[in-house]
Amino acid sequence: TLRRLVSEFSAFARLPEAQIEPADLNEFLRDCSRSLEAVAELGEHPKTSVRWRLASEPLPVRIDAMMLRRCLDNLVRNAVQALRDDPDGGTVEVRSRRGDARAVIEVADNGPGISLDARSFVFDPYYTTKSDGTGLGLAIVKKVVLEHGGEILCKDSEMGGVSFVITLPMRTATSINE
């Protein structure tokens, strides 16, 4: 546990500077879906599923794919872990959509959720509700999202659990070919 804490703190303290490049958020998420297919198995429940519901239209953004993948991996893993005690498994959904001049990624689950009190602390370094957590995963997620000029919030999921919503600036028509 101590080794993992030191490793995660080092990663948090020395996150590389984001190498932001033009991308289609949906293409990025499709690529992530292929590499994250096995995450549900880590939840130790064969009925846990991860579903991907992506916007039908392209979502042009500027991202550091490696850093944003790390965020998504963390959010999906956290959601799957939250479902590990559910006898029916549970569901995690990753969604994309267009917002007001912003692209939106939402990771939602039908797990136990996060209390209203805890939500104000979930992005703070070292705050964790898990017995085996270090409290750095969501702090890293927030730092990366901010590096992208985005925002992240934690709210109730319409599925009954918790939802993490990331908004990223869309590329404008003048920057499409960047």
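The values are calculated or read from the model by the stated rules, or taken from the named source; none is laboratory data. Predicted model, so just to flag it, every value in this text is computed and none were measured. Quick reminder, even Gly has a Cβ in these numbers, built from the backbone with ideal geometry, and neighbours come from all protein chains shown. Surface areas here come from the heavy atoms of the whole protein model, side chains and all, with no ligands, DNA or RNA. Shrake-Rupley method; radii C 1.70, N 1.55, O 1.52, S 1.80 Å.
Got a number for carbon plus sulfur as a percent of region 60-178's accessible area, 1.4 Å probe? Intermediate results must be reported in sequence, preceding the final value.
Values: 2800 of 5610 Å².
After summing per-atom areas, the C and S share lands at 50 percent.
What GluC sites (Glu not before Pro) does region 71-169 have in DSSP loop regions with at most 16 other beta carbons within 10 Å? Mind dumping the intermediate values first?
Values: sites: 93, 106, 147, 151, 158; in loops: 158.
When the GluC sites (Glu not before Pro) of region 71-169 are filtered for loop state and at most 16 Cβ neighbours within 10 Å, 158 remain.
For a quick check of your reading of the filter: which chymotrypsin sites (Phe, Trp or Tyr not before Pro) in region 113-149 sit in a DSSP loop and have no more than 11 other Cβ atoms within 10 Å? Before the final figure, lay out the partial values.
Values: sites: 121, 123, 126, 127; in loops: 121, 123, 126, 127.
Here no loop site has a sparse enough neighbourhood.
Counting other C-beta atoms within 10 Å, and keeping those with at most 14, which DSSP coil trypsin sites (Lys or Arg not before Pro) do you find in region 129-166?
Values: sites: 130, 142, 143, 155; in loops: 130.
Here the trypsin sites (Lys or Arg not before Pro) that fit, given the DSSP loop and packing criteria, are 130.
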